[in-house]
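Quick notes on the structure that follows.
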């Protein structure tokens, strides 16, 4: 394999650990707090998780512990979309196991959770780990989106655990994957299996967090990657002074990426889905807001700008949310009738008969190319694939029509040349920042300590993240503590509650206080590339969101 000089150098980077994890595992005391509850629906969750509900928070402290080192066999799974730092979680887990006992073994189940149900794995060796330290991607063992949810799948997972004499399984994933980890931990205990299950918080969307999970890994790197690209476009826009750039960013359910990128780069407009939903802003209202900024900048002779758009925005605009929900119900209910329609005109006629009057009007009001994208195949969970809906082009097209009309009326004298971009996959497998390299390694090492302490049904937790790494606090949080009951595809399900942008939180308030100025006055910030070497204040910084949330 040919590798770059930077990649060679990154192999040798030694991630920093919390001081409590730097010694021998026998020198770590695992302190257990009071029983916990849940975000909501505690009674229902207690009945579902009879063996795991109410477990205490675990914190690691220096001191003589009760952990007795031994050889262990552990499985690890990468679940869901890629996030920078996943390989370092595996490296931290591997190093902890081997440091405790060199005879310990780590099995990487390939292709995600399906690897566990199908008993497909490779043993992870020092050579494999060393070839992936501090690198992006999930290519060490691959990932997948299979959910372990049927009785047959749970039974197959148990059979794999027994066959390979697994002491534990570590599931590295987002809210859905860690919900699955909680259910798997419960199933194993209910069926008398000794195999422990530990989760690790992964998602670049940043929506798996709470007071004990301060951030999900990969968010830091992804947003720094996007912000570099946004800054480059801003520099170009400020040089050419003739284009409006509409940039769609990852973030289906939550707008954390768009908000953090805005805090780092100061765009003219940044739409926040959670605010759109709270204020019930229609598509027309959003066009009003953006066109007003375009007109005001044109009056100053600045016919250029940058607009940031979260990919999930269309599902938060009231009339679009209603339209998508109706389409999601109609297609499966009339799947045979819909399947034979081979052109958009026929599809439009079909939906005119099935949609409510309000949704039909919304469907006919948007450009045909965007309307077609609302009808593409649903994902495995039955959701519209928002990453394939070109929301940026929807806004650009509607703004062109609005500004053309305003020009005829004489209320707008500028020029509007829009360009669309989507930054998504560029950030998911990027080489992790020093923060993510350190954080992920610590999460993996903490997962090992949770296993060594005999715990199950926990997610690895590393806190106090705005302090130097030596001062980070490590431990574990019961997965059920982060859960509630939600309706998913017509059924009530236990799920880890997504963390959305809090409109009364410091990050959004900081953004909201500045955005009127940014809209009219060019205030662009150019963050530049991620820095791996140099002063700590340049290379080891956390996100602005995390610093503001912790009052730093």
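Values in this text are rule-based calculations from the coordinates and carry no lab data. Being a predicted model, the structure only gives us computed values, none of them experimental. Every residue, glycine as well, gets a Cβ built from its backbone with ideal geometry; the counts of neighbours run over all protein chains shown.
With semi-axes defined as the square roots of five times the eigenvalues of the C-alpha gyration tensor, the equivalent ellipsoid of region 127-188 measures 24, 15, 10 Å, largest first. The convex hull defined by the C-alpha atoms of region 1-47 has an orientation-averaged projected area of 8.2 nm². Pairwise inverse Cα distances across region 266-389, averaged and inverted, put the Kirkwood hydrodynamic radius at 16.1 Å. Packing-based ranking of 324-332, 278-286, 403-411 yields 324-332, 278-286, 403-411, ordered from highest to lowest mean Cβ neighbour count within 10 Å.
Note: relative contact order over the chain, using C-alpha pairs below 8 Å and six or more positions apart, is 24 percent.
Rounded, prolate or oblate: which fits region 330-458, taking a ≥ b ≥ c as square roots of the Cα gyration tensor eigenvalues, rounded meaning a/c under 1.5, else prolate when a/b beats b/c?
oblate
Please determine, in degrees from 0 to 90 and to the nearest 10, the orientation of helix 434-452 with respect to the longest principal axis defined by the Cα atoms of the chain, where the helix direction is its Cα long axis. It is inclined by approximately 40 degrees. Once you order the gyration tensor axes a ≥ b ≥ c over the Cα atoms, which shape class does region 1-98 get: rounded for a/c under 1.5, otherwise prolate or oblate by comparing a/b with b/c? Oblate is the answer for region 1-98, as a/c is 1.5 or above yet b/c matches or exceeds a/b. On a C-alpha basis, how far is the centre of region 212-267 from the centre of region 120-142 in Å? Whole number, if you could? Answer, in whole Å: 29. Each listed q (0.09, 0.12, 0.14 Å⁻¹) maps to a log10 I(q)/I(0) for region 395-536 from the Debye sum over equal C-alpha point scatterers, namely -0.59, -0.92, -1.10. Here the scattering of region 221-284 is modelled by Debye summation over its C-alpha atoms, one equal scatterer each and no solvent; at q = 0.14, 0.19, 0.27, 0.29 Å⁻¹ the log10 of I(q)/I(0) is -0.45, -0.77, -1.20, -1.29. Here is how the number arises for the chain: DSSP H runs of 4 or more residues each give -39500 (n - 2.57), the sum is divided by the residue count, and the result at 222 nm is -13000 deg cm²/dmol.
Judged by the ratio a/c of the largest to the smallest principal axis of the C-alpha gyration tensor, region 329-368 counts as oblate, that ratio being 1.5 or greater while a/b is no larger than b/c. Mean projected area of the Cα convex hull of the chain, taken over all directions, amounts to 27.0 nm². Reducing region 315-365 and region 468-531 to their Cα centroids gives an inter-centroid distance of 33 Å. In degrees between 0 and 90, to the nearest 10, how far off the longest principal axis of the chain does helix 175-190 point, with axes built from Cα atoms? So the inclination is approximately 30 degrees.
Rounded to the nearest 10 degrees, what's the angle between the helix 344-354 long axis and the longest principal axis of the chain, both from Cα atoms, 0 to 90? The angle comes out near 80 degrees. Counting beta carbons within 10 Å around each of 51, 266 and listing the fewest first gives the order 51, 266.
For a bin width of 10 Å, list the pair-distance distribution of region 444-489 built from all Cα-Cα distances, rounded to whole %. Calculated P(r), rounded to whole percents: 24, 41, 24, 10, 1.
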